[in-house]
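The values are calculated or read from the model by the stated rules, or taken from the named source; none is laboratory data. Bear in mind that the values here come from a model prediction, so they are computed numbers and not experimental data. For neighbour counting, all protein chains shown are included, and Cβ atoms are generated from backbone atoms with ideal geometry for every residue, glycine included.
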Amino acid sequence: MKRRLMMALPLLLLGGIAGAAERTVVLDIANMYCAACPHIVRSALMRVDGVLDVSVSPDERTATVVYDDRHAQIEIFTAASANAGYPATERR
């Protein structure tokens with residue numbers, strides 16, 4: 001019995017890894033008017049655990065966030081952006 005449990009343990013651990021997914025979300029960013037704004041928004045979002053990459057478009061006033069859904073949620077991104085002075089909402 002113990003041996004079977006030890007053999008199954010790696011499969012259980014791999015199942016957790018396989019359940020994770022890299023996701024992408026586009027956020028509409030308010031108050032982005034100057035040349036420094038995209039850098040501030042990107043910096044705020046990159047500090048969130050689980051964020052893999054952020055690209056900001058000042059012309060479209062958006063931020064595209066690539067993240068690991070095991071460690072980050074969209075609500076955390078919008079809060080991080082808002083705390084930096086740039087309210088954000090998920091683009092639908």
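Of the residues 56, 65, which single one is farther than 18 Å from residue 22 by Cβ, in contact (Cβ under 8 Å) with a residue 24 or more places away in the chain and touching a helix residue (DSSP H, G or I) at 6+ places or on another chain (Cβ under 8 Å)? Answer to the check: 56.
Listed conditions (1) modelled with pLDDT under 95; (2) in contact with a strand residue (DSSP E or B) (Cβ under 6 Å, 6 or more places away or on another chain) are all met by residue 17, apart from (2). Return yes or no: is residue 70 among the basic types (Lys, Arg) and in a loop (DSSP other than H, G, I, E, B)? Answer is yes for this residue. Given the structure, is residue 33 aromatic (Phe, Trp, Tyr) and surrounded by fewer than 18 Cβ atoms within 10 Å (Cβ to Cβ)? Judged against the criteria, residue 33 is a match.
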